[in-house]
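The values are calculated or read from the model by the stated rules, or taken from the named source; none is laboratory data. A quick note: this is a predicted structure, and the numbers were derived from the prediction, not measured. Here the Cβ is made from the backbone with ideal geometry for all residues, glycine too, and neighbour counts use every protein chain on show.
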């Protein structure tokens, strides 16, 4: 290449970098055992997630985000993954290539990255993800930040994507069932300084030594962030794994190792996303949470009514119900909200299905009750069965009257006997449980040392069977008359933790126990002091108010993110209302909270739209209200709700949207003209302010002429 006259080496390097296609490494093995017994027979990345294999969500996102080359690393059940990709729509795509790299003797992500390094296929910065990642984020901004830092500092080797989370103070888990994550981040540079995901071991405390604090005078310590496991890496990351064979786990070894290494000086940075979606299916609870997010359209355009996978798109109906083609449903059967029914499935008389996913070719009999379940393909459920918050893999048969208690997992082709009750949190498989448990959680597959008792050699050496039909199973009557399958016995320690990572909601009794444990751990002052109870009450009230305010602000941010995504992607109003309703239920908010949050989102959009004068801002507001104002109607059920919107606008004018303050009456008049706010609401709002302090009457005084006009018009009507 001939350098341009006057061009610097840095500029030449940037030009060379621009010619390198954006590449990604997709790990098709999570190297854990959390999805056993299912993953003894099928790779995790091919398990159906709302009727599409997990890996399709990851590949569809990478393609939409501008990645041009993907290297899929296969280990456990590698032949199944390779065969699937060969038959899929991902091969022979223009400007998007998918290449598989196979190895049968890897036991960790570190081993995988070392093999990829030896293949010499990565040419520049690359995206590192696992095949169980669901996202709709654009990579442009994160890549720009990463490359900009890289130009200034060669030691900036990785950018981790994070997002807002909300761990429970009681269970110390997010809604995805992951441990509470504690990070220290430099608020100015976004450099990651500390990373700890074993919050239970920490007992809620973090210990940072004085030297660390002296070296980093500015630290933001956060426990409300979620690691999305999406990393933008430089090629040095691969060489670092090759140079350090102790690096096995991406976070526990690599990230923490770099943070503690004072010699080489390598740095990791973070990129926080807000309105986009990104999450990894780490356990059964995250499988449940992400499935619900997909059905409630947080992951748009990766949703069931948009074809992005080998499966055909389903039709979206009201209340978040999706139906594929050729479904035979009895007239007396009821399909409830947020439910997916797959192609060719049949539903019998008086059967009720809600908050569930039913795959293709399923036969569900009469008088069956299904709630919160994931039923995969070609499952047969006979008359009178009841199942709640369970997973049923391909080919499962439930004989008449059988019952699944919450948290049950039935692996492939299991048969539950007639009227048999499968206990809560049971895992049932046609394969017997390993004689000994793996000592290293990194092992996902059953190798010759794992103790699996099998009647065939196809399960040995990495579960490399190509077809489930090739597996020879042993018959067992552990689950009733006519049943087939082994109920895996779990150690008492593991069973105690089953509820944490289950698709079933956390049991009420467990929440009570945890709450009591947290209460018992609190240190209370000497109650002999007569002034302390009053102080405690005051402090408790303040904390309660803070929690409510935090929850409200979090809800408001979630609504704003939903609204902005709808604006940018031109989502239909009905779909937005559906998503806001699901948010309202999950956060336990009132209708007036929805109205306030949506109104704030609209006003913020108008404010953020480029404008050069007050007139332009009013025009922006008019355009936004004209286009999206109808979203407020379902949440403005009475005058009080409308007054809350006015109060929200007052608050905005005084705090986050001060540019609106001199335009208050003009916008109020606009809301009146658009039939968003009624005359009675405006007059009642003004009357309520009569006895308020002068500082609270600023906007009432600004609106005096408009209020007077409304009063006169009201008198004329009378």
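Before we move on, is residue 421 surrounded by fewer than 24 Cβ atoms within 10 Å (Cβ to Cβ) and closer than 12 Å to residue 479 by Cα? Criteria met by residue 421.
Determine, yes or no, whether residue 683 is modelled with pLDDT under 85, in a helix (DSSP H, G or I) and assigned by TED's automatic domain parsing to the domain that holds residue 648. Spell out how you get there, then give the answer.
On the way: modelled with pLDDT under 85: no; in a helix (DSSP H, G or I): yes; assigned by TED's automatic domain parsing to the domain that holds residue 648: yes.
Considered against the rule, which asks whether it is modelled with pLDDT under 85, in a helix (DSSP H, G or I) and assigned by TED's automatic domain parsing to the domain that holds residue 648, residue 683 comes out as no.
Which residue, of 60, 109, 28, is under 27 Å from the mean Cα position of the chain (by Cα), crowded, with 21+ Cβ neighbours inside 10 Å and over 24 Å from residue 291 (Cβ atoms)?
109
Scanning segment 89-109 for residues that are closer than 22 Å to residue 22 by Cα and touching a helix residue (DSSP H, G or I) at 6+ places or on another chain (Cβ under 8 Å) yields 90, 91, 93, 96, 98, 100, 101, 102, 109. Scanning segment 91-117 for residues that are under 24 Å from residue 80 (Cβ atoms) and either outside the structural domain of residue 66 (by TED's automatic domain parsing) or not in a loop (DSSP other than H, G, I, E, B) (or both) yields a total of 16. Among residues that are at pLDDT 80 or above, assigned to a loop (DSSP other than H, G, I, E, B) and either assigned by TED's automatic domain parsing to the domain that holds residue 26 or buried (at least 17 other Cβ atoms within 10 Å of the Cβ) (or both), residue 188 is included.
If I filter segment 135-153 for residues that are part of a helix (DSSP H, G or I), at pLDDT below 80 and touching a strand residue (DSSP E or B) at 6+ places or on another chain (Cβ under 8 Å), do I get at least one hit? Don't jump to the end; show me each part of the working.
At the first step, the residues of segment 135-153 found to be part of a helix (DSSP H, G or I) are 140-152.
Keeping just the survivors that are at pLDDT below 80 gives none.
No, because not a single residue in segment 135-153 is part of a helix (DSSP H, G or I), at pLDDT below 80 and touching a strand residue (DSSP E or B) at 6+ places or on another chain (Cβ under 8 Å).
Conditions (1) within 28 Å of residue 116 (Cβ to Cβ); (2) at pLDDT 75 or above; (3) assigned to a strand (DSSP E or B), marked per residue:
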position	(1), (2), (3)
159	yes, yes, yes
168	no, no, no
205	no, no, no
227	yes, yes, yes
254	yes, yes, no
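Assessment of segment 530-547 against the conditions (modelled with pLDDT under 55, assigned to a helix (DSSP H, G or I) and closer than 26 Å to residue 277 by Cα) yields at least one matching residue.
In segment 294-311, how many are surrounded by fewer than 20 Cβ atoms within 10 Å (Cβ to Cβ) and either modelled with pLDDT of 90 or more or under 13 Å from the mean Cα position of the chain (by Cα) (or both)? Can you show your working first?
First pass over segment 294-311, keeping only residues surrounded by fewer than 20 Cβ atoms within 10 Å (Cβ to Cβ): 300-301, 305-308, 310-311.
From what is left, the residues that are either modelled with pLDDT of 90 or more or under 13 Å from the mean Cα position of the chain (by Cα) (or both) are 300.
Residues flagged as surrounded by fewer than 20 Cβ atoms within 10 Å (Cβ to Cβ) and either modelled with pLDDT of 90 or more or under 13 Å from the mean Cα position of the chain (by Cα) (or both) within segment 294-311 amount to 1.
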